[in-house]
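Note sheet for the following structure.
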Amino acid sequence: MTKYDYDLFAIGAGSGGVRAARLAATYGARTAIAEEHRVGGTCVVRGCIPKKLFVYASEFAHMFHDAKGYGWTSGRPHFDWKTLIANKDAEIDRLNGVYVRNLKNAGVEIFDSRAVLKDAHTIHVVNEKRDVTAERILIATGGAPWTDNSIKGHDLAVTSNEAFHLDEFPRRVVIAGGGYIAIEFACIFRGLGAEVTLVYRGDDILRNFDRDISVAVHREMQRMGVRILTKTVFKEIEARGGGERRVHLSTGGSIDADLVFWAVGRKPNTAGLGLEKAGVELGKDGAVKVDGWSRTSAANIFAVGDVTGRAQLTPVAIREGAAFAESEFNGNPTKVDYEFIPKAVFSQPPVGTVGWSEGDARAKFGAVDVYKTDFRPMKNTLSGAEARTYMKLVVEPTTEKVVGVHIVGEGAPEMIQCLAIAVKAGVTKRQFDDTMALHPTSAEELVLMRTKCVA
């Protein structure tokens, strides 16, 4: 008999925690998991999944418009926000149930409660008002939206957590931020019919992506009617009565809106977990410091997912959770490889990217070869739509390896998932060139680019 109640206790039932707990249980570990909100975490409940459903909804406005050029006619389309919310909620309920069933079927005990560390092996389960012990503890509490609390009236704005549950559809929206969450929600609200203004402190949006991607997305967002203000920040948010807000800007101007939205970043969700009592060291912004095996400074405590401040993406958290379980409970030491992680921004049109940006590649390799193409896709010819597709390859010239692929256009994320396999395997530009084109597709342009761009 072990002296602990559990072999593993996971705090947080999001993507990383669920995967780790399920695998550990299948490997014979006595496992429990605690979640104070809903099983499934940010991605399933208030992130990737509901956001993508909103993206789908917002794209139909473009489809109805474009269909006319292909001979389709119908009555004037009407969008109902409450129907979307109800159907989205039903799907999230279904997925939450799937996650719960999968955990229980694997033998994991679920605590619907906040859990707090009392020491390196003791967890206080708040709702049950009792302590349990575990040989190993996994911190998988994810991240939370950050807001600038120094701004007067900051609490008059919502974050992505609340945006999925608005009672009424806002007709005028102001969003603070220039990252992928800000971009995606700007396109969602605009696609559904709102007037949207994006306010960003930087020189241009999507600063962590390739510069040409930033320019292309900026262009397409303006084309669809999103107003973008750069080098600008909120100074104050003022309540005007009747639900109206007035956003005062650093430039001296102001914007009236029905909804103000913070999308200025996320921070690790570590506050109040008792990590200090357990000897867990925290780093920048409260992130849990970990090594390559997801070990913290406390020998028996581990952390995976956004709470570590590493690559903050759902598939990364899942892979980290799996690697932890393999290493600790299956005798199979496993590390996560963070190179060539594919990424997507579900703007309209969307972004797909894998590998190094041109700027980062030049810093890493010195000289690089760059190939670009920018075209109006065939689908947009009869419809009259002006949206364009942009593609870019970044090549290390000595080995001819493709070290970066960047796409803005319909289907970009789907293309990138497949291309990421080849890029991670070390595909060369010659192998791209030797691959037969599939015509007529937008993707064929990836194997037809021959002219190097002059730096």
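The values are calculated or read from the model by the stated rules, or taken from the named source; none is laboratory data. All values reported here derive from a predicted model rather than from experimental measurement. Methodologically, a virtual Cβ is constructed for each residue, glycine included, from the backbone with ideal geometry; neighbour enumeration extends over all protein chains shown.
Looking at Ala29, Ala57, Ala20, Ala13, can you tell me which residue is more than 22 Å from the chain's Cα centre (by Cα) and not aromatic (Phe, Trp, Tyr)? Let's see the steps before the verdict.
Details: Ala57 fails: more than 22 Å from the chain's Cα centre (by Cα); Ala20 fails: more than 22 Å from the chain's Cα centre (by Cα); Ala13 fails: more than 22 Å from the chain's Cα centre (by Cα).
So the residue among Ala29, Ala57, Ala20, Ala13 that is more than 22 Å from the chain's Cα centre (by Cα) and not aromatic (Phe, Trp, Tyr) is Ala29.
Among the β-branched types (Val, Ile, Thr), under 21 Å from the mean Cα position of the chain (by Cα) and within 25 Å of Arg295 (Cβ to Cβ) - does that describe any residue in the stretch 69-86? Show your work before the answer.
Narrowing the stretch 69-86 to residues among the β-branched types (Val, Ile, Thr): 73, 83, 85.
Narrowing the set further to residues that are under 21 Å from the mean Cα position of the chain (by Cα) leaves 85.
Now drop any that are not within 25 Å of Arg295 (Cβ to Cβ), which leaves none.
No.
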Practice task
Six or more apart or on different chains, Cβ under 8 Å: which pairs go from a residue in the stretch 275-287 that's without any contact (Cβ under 8 Å) to a residue 24 or more places away in the chain to one that's surrounded by 13 or more Cβ atoms within 10 Å (Cβ to Cβ) and of a type in the set (S, T, N, Q)? Could you list them?
Solution key: Glu281/Thr296; Glu281/Ser297; Leu282/Thr270; Gly286/Thr270; Ala287/Thr270; Ala287/Thr308
Problem - Of all residues making up the stretch 252-282, the number that are among the basic types (Lys, Arg) and either part of a strand (DSSP E or B) or in contact with a Phe, Trp or Tyr (Cβ under 6 Å, 6 or more places away or on another chain) (or both) - result: 2
Fill in the blank from the handout: Matching residues in the stretch 284-312 (touching a strand residue (DSSP E or B) at 6+ places or on another chain (Cβ under 7 Å), in a loop (DSSP other than H, G, I, E, B) and modelled with pLDDT under 95) number 2
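Restricting attention to the stretch 361-413, report how many residues are small (Gly, Ala, Ser) and crowded, with 16+ Cβ neighbours inside 10 Å.
Going residue by residue through the stretch 361-413, those that are small (Gly, Ala, Ser) are 361, 363, 366-367, 383-385, 387, 404, 409, 411-412.
Filter once more, so that each one left must be crowded, with 16+ Cβ neighbours inside 10 Å: 361, 383, 385, 387, 404, 409, 411-412.
The total comes to 8.
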Handout entry: Sole exception among (1) out of contact with any Lys or Arg (no Cβ under 7 Å at 6 or more places or on another chain); (2) assigned by TED's automatic domain parsing to the domain that holds Gly41 for Phe302, by number
Key = (1)
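Take Asp131 and tell me if it is outside any loop (DSSP other than H, G, I, E, B) and surrounded by 17 or more Cβ atoms within 10 Å (Cβ to Cβ).
On the way: outside any loop (DSSP other than H, G, I, E, B): yes; surrounded by 17 or more Cβ atoms within 10 Å (Cβ to Cβ): no.
Here the answer is no, as Asp131 does not meet what is asked.
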Problem - Residues (buried (at least 21 other Cβ atoms within 10 Å of the Cβ) and among the small types (Gly, Ala, Ser)) located in the stretch 234-265 - result: Ala257, Ala263
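I'd like to verify a number: residues in the stretch 313-343 that are in a loop (DSSP other than H, G, I, E, B) and either within 15 Å of the chain's Cα centre (by Cα) or at negative phi (or both), how many?
If we filter the stretch 313-343 for residues that are in a loop (DSSP other than H, G, I, E, B), which is where we start, we get 313, 330-342.
Remaining after also requiring either within 15 Å of the chain's Cα centre (by Cα) or at negative phi (or both): 313, 330, 332-339, 341-342.
Matching residues across the stretch 313-343 total 12.
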